[in-house]
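Heads up: the structure comes next, in structure tokens.
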Amino acid sequence: MSAPPLGVYVHWPFCKSKCPYCDFNSHVRDGVEQARWRDALLKELEHAAREAPGRRVETIFFGGGTPSLMAPETVAAVIARTKGLWDHAGEVEITLEANPTSVEAGRFADLAEAGVNRVSLGVQALDAAALKFLGREHSADEALEALETARRHFARFSFDLIYARPGQTPEAWAEELERALALAGQHLSLYQLTIERGTRFFTDHARGAFVLPDEEAAAAMFEATQARLAAAGLPAYEISNHASPGAACRHNLIYWRYQDYVGIGPGAHGRFAEGSIKRATRRASGPEAWLEAVERTGHGTAESSVVAGQDMVEEALMMGLRLADGIDRAMFASVTGADPVAALDEARLAPLVKAGFLEIEPYRFRATAAGRQRLNALLERLIA
């Protein structure tokens, strides 16, 4: 019997500047001691291997922050140590998030040499005014050049766009989407702009500095996106992620299928099975606090807890219903010990099925396209 699969998430918390919409654990620093950070990441990686032994690594994901600011030597060292600590699949998917500035794109050859085989570019918009509003440091031309560089160096690449921006109409978004499709490989991530508490946009929006498109316009953009990308051969496999068959991000599928993953670096989360429970871990968020803890104790764990019973069922539902394929009922039961339909009470689900938001099949349970568009509201009904 083969070892259970594992994803490894590596968080690099540093950015050149903080984007006004971003609520991720990212920080701006004047300088970073790359060798010191490399040693700490490797040390916490060894701790993670003791937390989740006997697994087979299938994916490594460098997220942030801006991982393309990492020294390629650090990326190479983390990849090599990961493969040395666990068994690994024949071809591990190794993704790195990057900003499309000319400086960072200039590192793509070295990152590919280090072992990265998939890159995800934070393009976010294809015109100058929108990039300025979003606080991005790259120009539209730099984004186009970075995409071409990524195409040369990586077998797989993706890029992100943000839509439903202030002043954007469904017609304008449709035009931008056509430009994106002309540039795309086999994967695109398309996110509706949301205003998150703790960001600069939250403050600006609250004082009326800008107005978002209304719900009807935003819904029209979402629906047009789903239809156009499906017609182009990149259907949605998750609410915001689109890919040609076989080109989905395998690392993110581990999250959405509620499989095992470990997280290293400031603020990184992990979920991995310990018998019939899940162990949930979170590393310290502050870069300096994390670094000092790792150097002192070998890891920067701030929280470690058990997820079991109904909590596990709810977490798995929240992740699995994001997927277009929904939840494999047998797989769900093998992970949580409960059938999702039985756990929610099929009779209670009937009105949502009749309204066209859920589908129940013998082997699968899923939200429809209409249900995924309103997933937060749907989950509030399901998880009382």
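The values are calculated or read from the model by the stated rules, or taken from the named source; none is laboratory data. Values in this document were obtained by computation on a predicted structure and should not be read as measured data. Because the Cβ atoms are built from the backbone with ideal geometry, glycine has one as well, and the counts that use them run over all protein chains shown.
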Exactly one of E196, E216 is over 24 Å from the mean Cα position of the chain (by Cα), at pLDDT below 95 and not basic (K, R), and that one is E216
Picking from E303, E288, the residue that is surrounded by fewer than 22 Cβ atoms within 10 Å (Cβ to Cβ), acidic (D, E) and closer than 23 Å to V8 by Cβ would be E303
Would the stretch 297-311 turn up any residue that is over 21 Å from R118 (Cα atoms), in contact with a Phe, Trp or Tyr (Cβ under 8 Å, 6 or more places away or on another chain) and either modelled with pLDDT under 95 or not polar (S, T, N, Q) (or both)? yes
Within the stretch 256-274, is there a residue that is farther than 30 Å from E176 by Cα and hydroxyl-bearing (S, T, Y)? yes
_Take E91 and tell me if it is more than 26 Å from R296 (Cβ to Cβ), surrounded by fewer than 19 Cβ atoms within 10 Å (Cβ to Cβ), of a type in the set (D, E) and in the same structural domain as L183 (by TED's automatic domain parsing)._
yes
For the stretch 195-239 the number of residues that are without any contact (Cβ under 8 Å) to a residue 40 or more places away in the chain and part of a loop (DSSP other than H, G, I, E, B) is 5
Flagged in the stretch 306-330 as closer than 11 Å to F365 by Cα and crowded, with 17+ Cβ neighbours inside 10 Å, in numbering order, are L317, G320, L321, L323, A324, G326, I327, D328, R329
Among helices (runs of 4 or more DSSP H) entirely inside the stretch 287-384, those with 1 or more residues being closer than 27 Å to F222 by Cβ are 309-320, 329-336, 340-344, 346-354, 369-373, 375-382
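Identify, from the list A236, A268, the residue that is more than 30 Å from R283 (Cα to Cα), at pLDDT 95 or above, within 15 Å of the chain's Cα centre (by Cα) and not charged (D, E, K, R). Lay out the reasoning, then the answer.
On the way: A268 fails: more than 30 Å from R283 (Cα to Cα).
When all the criteria are applied, what remains is A236.
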For the stretch 104-129, the count of residues that are without any contact (Cβ under 8 Å) to a residue 60 or more places away in the chain, within 30 Å of Q168 (Cα to Cα) and in contact with a strand residue (DSSP E or B) (Cβ under 8 Å, 6 or more places away or on another chain) equals 9
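Take the residues in the stretch 113-155 that are assigned to a loop (DSSP other than H, G, I, E, B) and of a type in the set (A, V, I, L, M, F, W, C); name whichever of them is surrounded by the most Cβ atoms within 10 Å (Cβ to Cβ).
So in the stretch 113-155, the residues assigned to a loop (DSSP other than H, G, I, E, B) come out as 115-117, 125-127, 134-139, 154-155.
Among the residues that remain, those that are also of a type in the set (A, V, I, L, M, F, W, C) are: 116, 125-126, 134, 154-155.
On the way: V116: 25, A125: 22, L126: 18, L134: 18, F154: 21, A155: 11.
Filtering the stretch 113-155 for residues that are assigned to a loop (DSSP other than H, G, I, E, B) and of a type in the set (A, V, I, L, M, F, W, C), the one surrounded by the most Cβ atoms within 10 Å (Cβ to Cβ) comes out as V116.
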